[in-house]
Amino acid sequence: MTIEVRWYGHGTWGITAGEHRIVLDPFFNDNPKSPIKAEQVEADYILVSHGHFDHVADAAAIANRTGATVLAAYEITSWLSEKHHVKNAIGMNLGGGVNLPFGRVKLTLAFHSSTLPDGTPGGNPGGFLLTIGGKKLYFACDTALFGDMRMIGDEQLDLAVLPIGDLFTMGPDDSIAALKLLRPKQVAPAHYNTWPPIEQDAAAWAERVSAETDASPLVLEPGEAVTL
Ligand code: NI
Ligand code: MN
């Protein structure tokens, strides 16, 4: 199965696996880097890592228009169902996974916070480990560096997506340390250059990845995709 992974800026990704379309952390309409708006997004599944606005923003609108199934912490899927009329949702919790027609989705640890935009507690923040057609894709989402990334690395990752923006998540230095634990074949940076407080030099980061780790850096422009 061909897997296409497209970045929409910030923490927003689209994954196409065969005929399945997955959107991760849908933040389109208020995302200054996204080349498209939420109304243009087609999806069968929507993954939401945590409750912050820049991750949950367009989840309900896309789910309600397309009928996509939302996967997130149970607190977030309950909030989407009860307050935003989302019909199809699978509530999860950390360490749990679910087998879907395109592959397996596991909710992994993240060290961050997860209050929803209206102040409702969003449960624990997470990341996602996707197993699609024999490939392993790990989206760390918003998190600090943590030592248990070594165990996620034991899965033999084809692609890791790490935040490098600093301030709200790990920055470039800790992303290099994370790569030594995760040991992916390829790594893409995210959650940077959306706004001035999280500006980073992705080219300099990529040079460090090549010099200091065994991973191949994959710096995408918003709207650009890679095929795995
Ligand atoms: Ni966040
Ligand atoms: Mn964020």
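The table for this structure:
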item: Sites Ile90 and Glu42, calculated FRET efficiency, Cβ-Cβ separation with R0 25 Å, nearest 0.05; result: 0.85
item: Long-range HN-HN contacts of His20 with modeled amide H, under 5 Å; result: none
item: Phi to ³J(HN,Hα) by Karplus 6.51 cos²θ - 1.76 cosθ + 1.60 over segment 7-22, Hz, x for Gly, Pro; result: 9, 10, x, 6, x, 9, 9, x, 10, 10, 10, x, 8, 8, 10, 10
item: Gained length - Phe146 relative to Asp201, 0.36 nm times residue gap less alpha-carbon distance; result: 17.5 nm
item: The chain: calculated mean residue ellipticity at 222 nm from DSSP helix runs of at least 4, using -39500 (n - 2.57); result: -6000 deg cm²/dmol
item: Using θ = phi - 60° and Karplus 6.51 cos²θ - 1.76 cosθ + 1.60, couplings along segment 187-199 (whole Hz; Gly, Pro as x); result: 9, 10, x, 8, 6, 8, 6, 6, 9, x, x, 10, 5
item: Segment 1-101 - convex hull of the alpha-carbon atoms, volume per residue in Å³; result: 97
item: Under 5 Å, built H, 5+ apart or other chain: amide partners of Val187; result: Ala160, Ser216, Leu218
item: Ranked Ile176, Ile36, criterion: other C-beta atoms within 10 Å, fewest first; result: Ile36, Ile176
item: Rounded to 10°, Cα long-axis angle of helix 74-84 versus longest principal axis of the chain; result: 50
item: Cα-Cα over 22 Å, subset of Lys106/Lys136; Lys33/Lys180; Lys106/Lys185; Lys87/Lys135; Lys135/Lys180; result: Lys33/Lys180; Lys87/Lys135
item: Kirkwood hydrodynamic radius of segment 95-153, Cα pairs, Å; result: 12.5
item: Cα extents of segment 62-217 along the three principal axes, largest first (Å); result: 48, 38, 28
item: Degrees between helix 172-182 axis and first principal axis of the chain (Cα, 0 to 90, nearest 10); result: 90
item: Modelled FRET efficiency - R0 35 Å, Lys180 with Thr2, Cβ distances, 0.05 increments; result: 0.70
item: Percent antiparallel among DSSP beta bridges (both partners in the chain, rounded to 5); result: 60
item: Rounded FRET efficiency, nearest 0.05, which uses the C-beta distance separating Asn29 from Arg208 and R0 of 41 Å; result: 0.75
item: Length released on extending from Asp118 to Thr227, taking residue separation times 0.36 nm less the Cα-Cα span; result: 35.5 nm
item: Segment 211-228 - phi-based ³J(HN,Hα) in whole Hz, Karplus 6.51/-1.76/1.60, Gly and Pro as x; result: 7, 10, 9, 8, 7, 8, x, 9, 8, 9, 8, x, x, 8, 10, 10, 9, 9
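Rule-based calculations on the coordinates, nothing more; no lab input. What you see is a predicted model; the values in this text were computed from it and never measured. Every residue, glycine as well, gets a Cβ built from its backbone with ideal geometry; the counts of neighbours run over all protein chains shown.
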